[in-house]
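Encoded as structure tokens, the structure appears first; notes follow it.
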Amino acid sequence: MSDQIKFIVDNLNKEPFRKNYNLITFDSLEPMQLLQVLNDVLAEIDPKQVVDIREEMPEQTAKRMLSLLGILKYRPPGNATDMSTFRQGLVIGSKPVIYPVLHWLLQRTNELKKRAYLARFLIKLEVPSEFLQDETVADTNKQYEELMEAFKTLHKECEQLKTSGFSTAEIRRDISAMEEEKDQLVKRVERLKKRVETVQNHQRMLKIARQLRVEKEREEFLAQQKQEQKNQLFHAVQRLQRVQNQLKSMRHAAADAKPESLMKRLEEEIKFNSYMVTEKFPKELENKKKELHFLQKVVSEPAMGHSDLLELESKINEINAQVNQLIEKKMMRNEPIEGKLSLYRQQASIISRKKEAKAEELQEAKEKLASLEREASVKTNQTRELDGAEVLKGDEFKRYVSKLRSKSTVFKKKHQIIAEFKAEFGLLQRTEELLKQRHENVQHQLQTIEEKKGISGYSYTQEELERVSALKSEVDEMKGRTLGDMSEMVKKLNSLVSEKKSALAPVIKELRQLRQKCQELTQECDEKKSQYDSCAAGLESNRSKLEQEVRGLREECLQEESKYHYTNCMIKNLEVQLRRATDEMKAYVSSDQQEKRKAVREQYTKNIAEQENLGKKLREKQKAIRESHGPNMKQAKMWRDFEQLMECKKQCFLKQQSQTSIGQKNLLGTNFSCFEETFI
């Protein structure tokens with residue numbers, strides 16, 4: 001309680017309250033003053049609570065505070081009877097009631113401010129159903145609910161923006177930086193315009209540059225179209241390969257397999273697909289729906305504080321304890337039939353789990369097979385794109401190796417030639433360096449001559465003009481080449497598309513025929529499937545009847561076995577008890593004293609006598625202690641009084657001794673002064 005009061009006083013002395021209390025002044029507050037402090041804290045959380053309670057009726061004050069505490073989800077300790085005492089204590093300003101409320105409010109002020117702010121807009125007004133029959137009232141209520149939902153979404157977006165890390169200062173800095181960049185770009189454009197205006201034929205050059213930009217954009221668009229067409233062609237080739245693989249597999253299955261094997265394979269696929277559709281997928285869908293419902297429920301609920309989480313954890317612990325108690329009660333019952341059924345249930349659950357695991361493994365294997373097939377098709381397509389041919393096998397690979405050997409010999413010769421060229425290149429590079437040095441010397445001499453003649457820079461300007469003219473001619477040639485290349489590329493693409501269409505035409509015809517065959521096979525499969533289902537249903541009904549009979553006989557057998565074991569155990573227990581009784585009778589009847597001592601009756605009588613003797617001794621000891629208790633207590637009191645008396649004497653002696661020493665010192669001082677006077 002003292003820690004609680006200290007926490008309240010520390011927080012009330014801080015901003016925004018600044019009460020300047022200490023523990024004594026706060027504890028000495030009157031009930032009306034304590035209620036005013038509570039009202040000030042509530043007003044800090046909700047500004048509507050700013051009221052002077054001296055000008056308000058006590059019932060209205062209690063009602064207002066209780067309504068706000070209910071909105072803030074404050075739960076007073078105790079049950080329903082304590083709730084009535086809590087209300088009375090809030091009306092009269094009782095300290096045991098108000099101190100916990102202040103402690104709870106000051107612990108989570110920011111969180112409660114947010115909750116009070118949201119409560120103003122999210123607490124729904126309940127309109128009676130008879131008023132909702134009016135159209136205007138119903139429309140107004142509907143608009144009210146829509147506005148409430150809009151407020152929820154806007155508040156969530158606002159909170160997300162607050163926690164997302166964006167700040168207005170950063171955005172303003174970015175905007176200012178972008179404006180500065182814009183101004184710099186405008187200035188650069190103006191400078192470039194001024195430079196271009198001085199050049200001859202600048203309008204014509206701008207027009208050519210604009211056309212160049214348009215052609216570049218068109219080139220990018222055509223390149224994008226080319227890439228899209230390549231992707232479409234790649235997908236078409238992949239589809240063709242898949243269809244060809246399916247065709248090969250179907251032909252191989254039709255050539256090698258028998259109708260029985262085909263039916264067996266189809267039956268396995270049908271079983272697997274029916275299991276996936278009827279058992280696995282519905283369970284997964286139900287789990288996902290439950291998870292979605294739970295998440296929606298969590299999202300719709302208001303934000304929870306630390307106290308709410310603690311309450312939920314306590315409830316969870318209580319429910320877990322109840323569940324454990326119920327499990328223990330069920331285990332204590334130990335019904336035999338339930339035990340047998342639990343075994344079968346465990347076996348069934350194990351089998352179902354194994355079935356689910358195998359189905360998942362089969363699904364993963366199918367997905368892995370499909371991914372490997374896709375990778376294989378991609379690799380084959382890559383090899384075709386790189387080499388223009390399929391993967392080599394057998395004799396073709398041997399011929400390819402022989403070609404590589406011949407090419408390796410040619411490569412060695414070419415490599416030798418390249419080495420010779422490199423040596424010549426080194427010589428030429430050295431000669432180039434020497435010529436450059438000579439050229440620099442000549443240029444230096446030419447510059448000195450031009451400076452002497454007064455025409456410095458003439459040779460440099462002449463070289464620059466020649467270089468610019470050469471660059472202009474190169475740009476014109478590049479423009480012509482790019483336009484020609486683009487037209488040739490478009491022609492090639494059109495020719496490739498037409499070739500691919502002509503190549504895919506016979507394949508599409510074969511695919512149509514295969515589709516017809518596939519439809520016929522599916523019809524036959526459906527007929528066989530119906531026959532199989534009817535036969536399987538009859539066999540399943542017979543099997544279920546037999547299983548029921550076997551189950552009943554097994555239960556009867558288990559019941560009889562349990563009865564047999566129970567009777568055997570009872571017989572053994574009775575035999576043991578009978579044997580012990582006969583041994584006891586023999587020992588009790590026999591004339592031998594040692595045998596009689598071994599009897600249980602004799603041992604118990606002996607123990608009883610020993611305990612009775614011990615009890616007598618303890619009672620005598622207790623009686624002696626009671627008789628001597630009074631004199632012993634008096635003697636102890638006398639010793640304590642004597643000790644106090646001696647302590648007082650000791651203190652008196654010490655005081656007297658100190659006083660005598662001080663008097664002797666004063667006497668010596670007076671004698672010495674008298675002696676000095678006489679001497680003088």
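The values are calculated or read from the model by the stated rules, or taken from the named source; none is laboratory data. Nothing here was measured: the structure is a model prediction, and the numbers come from that model. With ideal geometry, Cβ positions are generated from the backbone for all residues, glycine too; neighbour counts draw on all protein chains shown. Side chains are part of the model used for accessible areas, which takes the heavy atoms of the whole protein and leaves out ligands, DNA and RNA. Shrake-Rupley method; radii C 1.70, N 1.55, O 1.52, S 1.80 Å.
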Subset of segment 19-34 (residues that are within 22 Å of residue 58 (Cα to Cα), exposed (fewer than 11 other Cβ atoms within 10 Å of the Cβ) and free of Cβ contacts under 8 Å to residues at least 40 places away in the same chain): 28
Any hit, segment 373-394, residues being modelled with pLDDT of 80 or more, over 30 Å from residue 235 (Cβ atoms) and either more than 60 Å from the chain's Cα centre (by Cα) or assigned to a helix (DSSP H, G or I) (or both): no
Condition met for residue 148 (under 30 Å from residue 48 (Cβ atoms) and either open to solvent by less than 70 Å² (accessible area, probe 1.4 Å) or over 42 Å from the mean Cα position of the chain (by Cα) (or both)): yes
Matching option when the condition is farther than 30 Å from residue 119 by Cα, modelled with pLDDT under 75 and open to solvent by less than 90 Å² (accessible area, probe 1.4 Å), among 253, 236, 223: 253
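For (1) closer than 25 Å to residue 119 by Cα; (2) loosely packed, with under 10 Cβ neighbours inside 10 Å, each residue gets a yes or a no:
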{"position": "271", "(1), (2)": "no, no"}
{"position": "275", "(1), (2)": "no, no"}
{"position": "279", "(1), (2)": "no, no"}
{"position": "283", "(1), (2)": "no, no"}
{"position": "289", "(1), (2)": "no, no"}
{"position": "294", "(1), (2)": "yes, no"}
{"position": "300", "(1), (2)": "yes, yes"}
{"position": "308", "(1), (2)": "yes, no"}
{"position": "312", "(1), (2)": "yes, no"}
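Could you list, in sequence order, the residues of segment 1-18 that are hydrophobic (A, V, I, L, M, F, W, C) and open to solvent by 70 Å² or more (accessible area, probe 1.4 Å)? It would help to see each step written out before you state the result.
Residues of segment 1-18 that are hydrophobic (A, V, I, L, M, F, W, C), as a first pass: 1, 5, 7-9, 12, 17.
Matches in segment 1-18: 1 only.
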Inter-residue pairs, beta-carbon under 9 Å, first open to solvent by 100 Å² or more (accessible area, probe 1.4 Å) and in segment 191-213, second at pLDDT below 80 and not in a helix (DSSP H, G or I), 6+ apart: 205/199
Residue list for segment 151-190, filter: among the hydrophobic types (A, V, I, L, M, F, W, C), under 30 Å from residue 124 (Cβ atoms) and either modelled with pLDDT under 85 or open to solvent by 100 Å² or more (accessible area, probe 1.4 Å) (or both): 154, 158, 161
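Would you confirm whether or not segment 487-506 contains a residue that is among the charged types (D, E, K, R) and touching a residue at least 40 places away in the same chain (Cβ under 8 Å)?
Initial filter on segment 487-506 (among the charged types (D, E, K, R)): 488, 491-492, 499-501.
In the following step, the residues that additionally are touching a residue at least 40 places away in the same chain (Cβ under 8 Å) were identified as 500.
Within segment 487-506, one or more residues are among the charged types (D, E, K, R) and touching a residue at least 40 places away in the same chain (Cβ under 8 Å).
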Inter-residue pairs, beta-carbon under 6 Å, first more than 10 Å from residue 35 (Cα to Cα) and in segment 83-97, second aliphatic (A, V, I, L, M), 6+ apart: 86/97; 89/97; 97/90
Candidates 109, 136, 140 - the one that is assigned by the TED database to the domain that holds residue 6, surrounded by fewer than 15 Cβ atoms within 10 Å (Cβ to Cβ) and either basic (Lys, Arg) or modelled with pLDDT of 80 or more (or both): 109
